[in-house]
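So the structure is just underneath, and the comments pick up after that.
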Amino acid sequence: MLIALLIIARAAQIGASMLLAGIFAFELVTLGPAAQPATDDLHEVEQRLLRLVRWSLIVAFLSALLWFGLEVANMSGLPLTRAFSTTAWQAVLFQTEFGRVWQLRLGLIVVALVLAALGFVKAQLRRALTVALFLVSVTLLVSLAWISHAAAARAQPLGLLGDALHLCAAGAWIGGLLPLAIFLTHARASVSLGERAARVLQRFSTLSLGCVGVLVVSGLSNSWLLVGSIHALLTTPYGCLLLFKLMLFGILVGFGARNRLVIKTKLLRASAGSDLLRQLRRNVICEACLGLAIVVIVAFLGVTPPAPHP
Ligand code: HEM
C-alpha cells in the first residue's frame, strides 16, 4: 500500500514539475516572438496557461507533502497517519539529504504560487513574472536529480549532471505538449493565432528535436550508470521497466517525426487549414498521454533497485 502511494506521489511530483517547466519554456521559447503583437486571442491562451500553472502548483504542493510523509513513515517505521505527529518529520527534514532537497522544493513551490497569483493581478509585470517563474520552475525540476538513483551512482558529477539535463529536456519537450495543445485549440478558432501557428510549430519542433537528442545522450548515461549491461537490461526488473520506457519513447518519436515531416510541412506550404490543426492537436494530445505513461514508468523506476545493485 505505501509503495503504491509512493509511486503515485512520485508520478504526480515529477509530472507537475515537468509541466511547470514546460509551460514557461513554451511561453518564452516557443511562443516567444510569435506573441507580438499581443491580441485578445493570445491573451486568452496566456490566461489558460496561467490557470494550468496554478493547478500544477497545487498538485506539486500536495504530492510533495504526501511523498515527504511517506519518506518519514519509511525512515521512522511509523504508520503514515502518524508521520507528522512526532518529531520524526523534523529529523527527516533537517538532518537528511532528502529533507534538505525537500526544504528547497517546498520553498520554491510556495514562491511560485505567490508569483503566479501576482501574474493574475499585475498584467504589466507579466513578462518579468514569466521569466522569474521559468527560473523557479527549472530549479524545481532539476532539484529532483539530487534525490535520484543517478545521484547515488559511483561516477559523479556525471550522474547528477546527466540526470539534471535529462530532466530539463523531458520538461521542455513533454511538459510543453499540453501548452501546445491549448495553443492549437485556440488557433483553430482564431485567424490571428492561425497565422502564427506555423511559426509556433516550427519553433516547438526545433526545440523538441534538440530535447530528443539530449534525452538519448543523458538517458544512455543514466542507463550505463544504473543498468550497466545488456544482460541486466534484459533480465532485471529495473532493466525491463527501462525497456518498456524506451518502447514508449520510440512511439513518441514516431509521432513527433510525423508532425514534423508531414503536418508541419503541409502547414508551411498552405494556410493553417483547420483540419491540419485538428490533426496536429490530436497527435499532440496522444504524445502528451504517452509522455504521462513514461512519467509513471519513471515513478516505478525510482522505487526499483537499479540493476547493478546486488
Ligand atoms: C520522452 C522521453 C523521456 C522522458 C520524458 C524521460 C523522463 C525521465 C525522468 C523524469 C526521469 C527521472 C529522473 C529523476 O528522478 O531524477 C528519468 C530517469 C531516467 N531515464 Fe528517462 N526519460 C526519457 C527518455 C529516456 C531515454 C531515451 C533513456 C535511455 C536511453 C532514459 C533512461 C533513463 C534512466 C536510466 C533514468 C534513471 C531512472 C532512475 O532514477 O532510476 N530515459 N527519465
Taking 147-153, 100-106 and ranking on average Cβ neighbours within 10 Å, highest first, one gets 147-153, 100-106
Distance between the C-alpha centers of segment 176-208 and segment 50-84? Whole Å please.
34
Counting only protein heavy atoms with a 1.4 Å probe and every protein chain in place, the carbon and sulfur fraction of the accessible surface of segment 2-302 in whole percent equals 71
Set the Förster radius R0 to 22 Å, insert the Cβ-Cβ distance between Thr235 and Arg154 as r into 1/(1 + (r/R0)^6), and round the FRET efficiency to 0.05.
0.55
Ordering of 222-229, 166-173 by packing [mean C-beta count within 10 Å, highest first]
166-173, 222-229
For segment 2-302: Kirkwood Rh in Å [reciprocal of mean 1/r, alpha carbons]:
20.3
Ignoring ligands and nucleic acids, Ile3 exposes an accessible area, probe 1.4 Å, in Å² to the nearest 10, of 100
Around Val59, what is the net charge, scoring Lys/Arg as +1 and Asp/Glu as -1 over all other residues with Cβ under 15 Å from its Cβ?
+4
Whole-Hz Karplus couplings 3J(HN,Hα) for segment 154-162, θ = phi - 60° and coefficients 6.51, -1.76, 1.60, Gly and Pro as x, run 5, 8, 10, x, 4, x, 5, 4, x
Quick one: angle between helix 191-226 and the longest Cα principal axis of the chain, in degrees between 0 and 90, rounded to 10, please.
30
Roughly how many nanometres apart are two label points built 7 Å out from the Cα toward the Cβ at Ala257 and Val110?
4.8
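The values are calculated or read from the model by the stated rules, or taken from the named source; none is laboratory data. Since the structure is predicted, the reported quantities are computational estimates derived from the model, not experimental observations. In this analysis, Cβ positions are derived from the backbone assuming ideal geometry, glycine residues included, and neighbour counts consider all displayed protein chains. Surface accessibility is based on the protein's heavy atoms, side chains included, excluding ligands, DNA and RNA. Shrake-Rupley method; radii C 1.70, N 1.55, O 1.52, S 1.80 Å.
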